[in-house]
Amino acid sequence: MDNKIKVALVEDHQLVRDGIRSLLNNTQTIEVVAEADCAREMLSMLESIKPDVMLVDISLPEMSGIELARTITTNHPGIRVIILSMHTEQEYIFNSLRSGAKGYLHKSISREELIEAIEQVYQGNEYFSKEVSGIILKSYLKQIKNPERADEYEDKKLTARELEILRMVAQGYSNQLIADKLFISVRTVESHKNHIMQKLELTTTVDLVKYAIKSKIIDL
């Protein structure tokens, strides 16, 4: 028992938690040592349970799974976080990676793959379910096929987050919607937009849109 991988589970649906706990506790290598239906409850337990791996649903009340992953990896670097979600949109995946999560799994994965993911992440590796890996690879290939665009952004010294926000602004997203999608505050979005304008020497949102079109950051 003592040498089992200690897993904490954060999932707001009781039925899902029950299923995952039952599945993992029937293995030879893994034991669920704690579970919670929200981030705040799990954070209050951490000092006493000290899990090796934390499985986190991305859609949680009050604090999202991505925010929880960021908090865990910052304040408890010894705990490895795996995001478990129904979402496969690129923005969710990359925001999870930026938060410090070591794995991202779609909830349709098999029992065997879930166990494999936990064991791999526990050993210090990263693990992504097949569908998620395909999305990451597609994004990478798209970038290397357009090196001149990457060079242009580098010349302007735009960070990855600034480029992400610039793209969303150019696509017509409101500050509130950008904040919701990136799990940041509206004030942070506004701050990023100001920095982008300063770096690009632009003055209005219209100028940002024109720049994004000209630079092929967005396609018409």
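Going by average Cβ density within 10 Å per residue, which order do the peptides 203-216, 107-120, 161-174 take, highest to lowest?
Peptide ranking by packing, descending: 161-174, 107-120, 203-216.
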* Given labels modelled 7 Å from the Cα in the Cβ direction, how far is it in nm from residue 190 to residue 29? -> 5.0 nm
* FRET efficiency, 1/(1 + (r/R0)^6) with R0 41 Å, evaluated for residue 214 and residue 74 via beta carbons -> 0.60
* To do: With springs connecting C-alpha atoms under 10 Å apart, model the chain as a Gaussian network and identify which of 69, 179, 39 has the largest mean-square fluctuation.
  => 179
* Enumerate the lysines that residue 181 could reach by cross-link, defined here as Cα to Cα under 18 Å, with residues fewer than 8 away along the same chain left out. => 193
* Asked: In nm, to one decimal, how far is the residue 4 label point from the residue 205 one, both placed 7 Å along Cα→Cβ?
  -> 5.3 nm
* To do: Please report the relative contact order for the range 5-131, taking Cα pairs under 8 Å with a sequence separation of at least 6, and give it as a percent rounded to a whole number.
  => 21 percent
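By the gyration tensor of its Cα atoms, with a ≥ b ≥ c the square roots of the eigenvalues, what is the shape of the range 5-131: rounded for a/c under 1.5, prolate for a/b over b/c, or oblate?
Rounded shape, in that the Cα axes give a/c under 1.5.
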* Asked: Is it possible to state the helix-based mean residue ellipticity at 222 nm for the chain, with each DSSP H run of 4+ residues giving -39500 (n - 2.57), the sum divided by total residues, to the nearest 500 deg cm²/dmol? What is it?
  -> -17000 deg cm²/dmol
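Any read-out appearing in this document is the output of simple, stated calculations on the displayed coordinates, not a laboratory observation. Computed from a prediction, not measured in an experiment: that's the story for all the values here. Glycine also receives a Cβ, built like all others from the backbone with ideal geometry; neighbour counts cover every protein chain displayed.
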